[in-house]
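What follows is one structure encoded as structure tokens, with my remarks underneath.
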Amino acid sequence: MSDLPPPEGVGPDGLDEAPDMTAAELALGVLDGEERAVALRRVLADPDFAREVERWRGHLAPWFDQWPAIKAPDILARIERSLDQAPAAPVASLIAKPRPRSAIWPGVAALSSIAAAALLIVLVTRPLAPLSPPQPAPSVAPLAPTLVASITPEGKGTPVTAVYDKTAGTIRLTEASLTSADHSAELWVIPADGTPHSLGVLRTRGATALTLRPENRQRIAAGAVLAVTVEPVGGSPTGLPTGPVVAKGILSRV
């Protein structure tokens, strides 16, 4: 029986009570094409889904660490050589015998599909504990942590959710109603040194997506503060906050 505690949504008997297969498949790396693009957009828009994907990644990490990448044998070259060799025929024969079709490729494809399906079912329904302490796998690139913040208004109002995508260098925020139409709401990051740096002006309607400059990407880290101030239309003319802080929140990993 596994000693590894199941992720949220998994019952004590090891079976999913309400499994989110998309989160498990994204963490396992079996999604591609449009399905993967839709899942990644959902990570940015849905903090609960992003946390579910991270829980699956942590749950599956011991498996990936146990099985380091191994170079596959050069089966293709051997198959091509066997196909290129003409069948032996008597010298007196004038009609070449037809070359038999190779049955290797259908077998390889069938076994690969069965193995992938079996692995996904086992990992999703009953994750197993590692047999030995996990070791770092040098061939697997580290996953970039997702950073989120709930930017809470100083008075009454709906909190604004911010999600930072480290790979793309973008920060996305839900719709914010933090200022009147004759002013702009400007977003700032305040790192450990306490100096605010502008990340951009929020849209007056709908969600906002901001692409950060390289120097600001270095300032986005767990524990940094995101703050919103009221500025003239178009943003602060001085490069520093000129109006009051109307909302703020702290970035944290999920």
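Readers should treat all values here as calculations from the given coordinates under stated rules, not as data from a laboratory. Remember, it's a predicted structure, so these values are computed and weren't measured experimentally. Glycine also receives a Cβ, built like all others from the backbone with ideal geometry; neighbour counts cover every protein chain displayed.
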Scan (1) under 15 Å from residue 152 (Cα atoms); (2) more than 23 Å from the chain's Cα centre (by Cα); (3) buried (at least 18 other Cβ atoms within 10 Å of the Cβ) for the single condition residue 196 breaks and write down its number.
(1)
Can you name every residue in the stretch 173-204 that is over 14 Å from residue 241 (Cα atoms), in contact (Cβ under 8 Å) with a residue 12 or more places away in the chain and among the hydroxyl-bearing types (Ser, Thr, Tyr)?
174, 177, 179, 204
When the stretch 235-254 is examined, which residues are found to be of a type outside the set (S, T, N, Q), part of a loop (DSSP other than H, G, I, E, B) and surrounded by 14 or more Cβ atoms within 10 Å (Cβ to Cβ)?
235, 241, 243, 251, 254
Which of the residues belonging to the stretch 176-188 are outside any strand (DSSP E or B) and surrounded by 15 or more Cβ atoms within 10 Å (Cβ to Cβ)?
176, 178, 179, 183
